[in-house]
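The values are calculated or read from the model by the stated rules, or taken from the named source; none is laboratory data. Keep in mind it's a predicted model, so treat the numbers as computed, not measured. So basically every Cβ, Gly included, is an ideal-geometry build from the backbone, and we count neighbours across all protein chains shown. Quick note on the areas: whole protein, heavy atoms, side chains included, nothing else; ligands and nucleic acids left out. Shrake-Rupley method; radii C 1.70, N 1.55, O 1.52, S 1.80 Å.
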Amino acid sequence: MSAVEMKNEGNGHFKAMRYDDAIASYTKAINLDPKEGVFYSNRSAAYAAMEKWEESANDGLSCIALKPDFVKGYYRAGFAYEKMGKFVEALKQCDTGMRRHASSPDLVAMLERLRPLAEREERSKRSGMGQEELLKAKGNDLFKAANFEEAIKVYGQAFEACADKTSDLA
């Protein structure tokens with residue numbers, strides 16, 4: 001059987017809710033044509049149906065790597081990260097997908113759902129940080145926003161706040 005035939009077989013299994021069989025068929029399709037991103041997207045959906053979130057996320061990422069213009073890859077990876085409680089990572093996938101597919105209703109809805117969850121996750125993560133770690137995180141935020149000069153200043157403040165100048169943080 002060809003890779004497309006294996007994908008179609010997997011689609012039949014998926015529709016019949018035989019997810020293990022769908023995964024097996026999609027895996028065979030991938031083995032026959034490992035450069036086709038849609039196969040990874042389909043297998044990601046089957047993993048998600050079985051609540052195998054790590055596998056679903058990995059296949060979503062593989063789909064994105066192979067087919068960056070295919071919106072479902074971003075959605076699959078983002079959804080799996082959301083289900084794992086990794087809201088910041090889910091938001092990152094959603095944001096990246098939105099740059100290519102700003103009108104995707106699925107990504108728009110996901111973005112609206114994830115923003116407050118990601119902000120809460122980030123606040124929680126930062127609540128346990130020391131002053132030097134908070135400054136480094138602020139510098140990272142500035143760097144990601146392309147505010148490089150301000151980021152350098154804040155990184156300098158983070159270094160100065162380190163009691164141990166030889167630590168990994170310094």
Going from most exposed to least, what order do Leu32, Leu61 have by accessible area with a 1.4 Å probe? Leu32, Leu61
Using just the helices of the chain, give the 222 nm mean residue ellipticity in deg cm²/dmol: DSSP H runs with n ≥ 4 each add -39,500 (n - 2.57), and the total is spread over all residues, rounded to 500. -25500 deg cm²/dmol
Please turn the phi angles of region 133-148 into ³J(HN,Hα) values with the Karplus equation 6.51 cos²θ - 1.76 cosθ + 1.60 (θ = phi - 60°), one per residue in order, whole Hz, x for glycine and proline. 5, 4, 5, 4, 4, 5, x, 4, 4, 5, 4, 4, 8, 6, 9, 5
How would Glu119, Glu89 line up by accessible area, probe 1.4 Å, largest first? Glu119, Glu89
Pairs of Cα atoms under 8 Å, at least six residues apart: use those to get the relative contact order of region 1-140, whole percent. 14 percent
A 1.4 Å probe over the protein heavy atoms gives the chain a carbon and sulfur accessible-area percentage of 52 percent
When Cα Rg over 2.2 N^0.38 Å is calculated directly from the model, which label among [x] 1.30; [y] 1.11; [z] 1.01 fits? [x]
Quick calc, the chain, dipole around Cα centre from Cβ unit charges on Lys, Arg (+) and Asp, Glu (-), nearest 20 debye, gives 300 debye
To the nearest 20 debye, region 1-67 has a Cα-centred charge dipole, built from +1 on Lys and Arg Cβ and -1 on Asp and Glu Cβ, of 140 debye
Give the lysines reachable from Lys28 as a straight Cα distance under 20 Å; neighbours fewer than 8 places away on the same chain don't count. Lys7, Lys15, Lys52, Lys67
Just read off the accessible area of Met6 with the full protein assembly in place, 1.4 Å probe, to the nearest 10 Å². 10 Å²
Taking the chain as a Gaussian network, Cα atoms linked when under 10 Å apart, which of Ser56, Ser127, Ser44 shows the biggest mean-square fluctuation? Ser127
Karplus-derived HN-Hα couplings along region 104-115 (A = 6.51, B = -1.76, C = 1.60, θ = phi - 60°), whole Hz, x at Gly and Pro: 5, x, 5, 5, 4, 5, 5, 4, 5, 6, 7, 3
Compute the helix-to-body angle for 37-49: its Cα long axis versus the longest principal axis of the chain, expressed 0 to 90° and rounded to tens. 80 degrees
Solvent-accessible area of Glu160 with every protein chain in place, 1.4 Å probe, in Å² to the nearest 10: 130 Å²
Give a residue-ordered list of calculated ³J(HN,Hα) values for region 11-16 (Karplus: 6.51 cos²θ - 1.76 cosθ + 1.60, θ = phi - 60°; whole Hz; x for Gly, Pro). 4, x, 5, 4, 4, 8
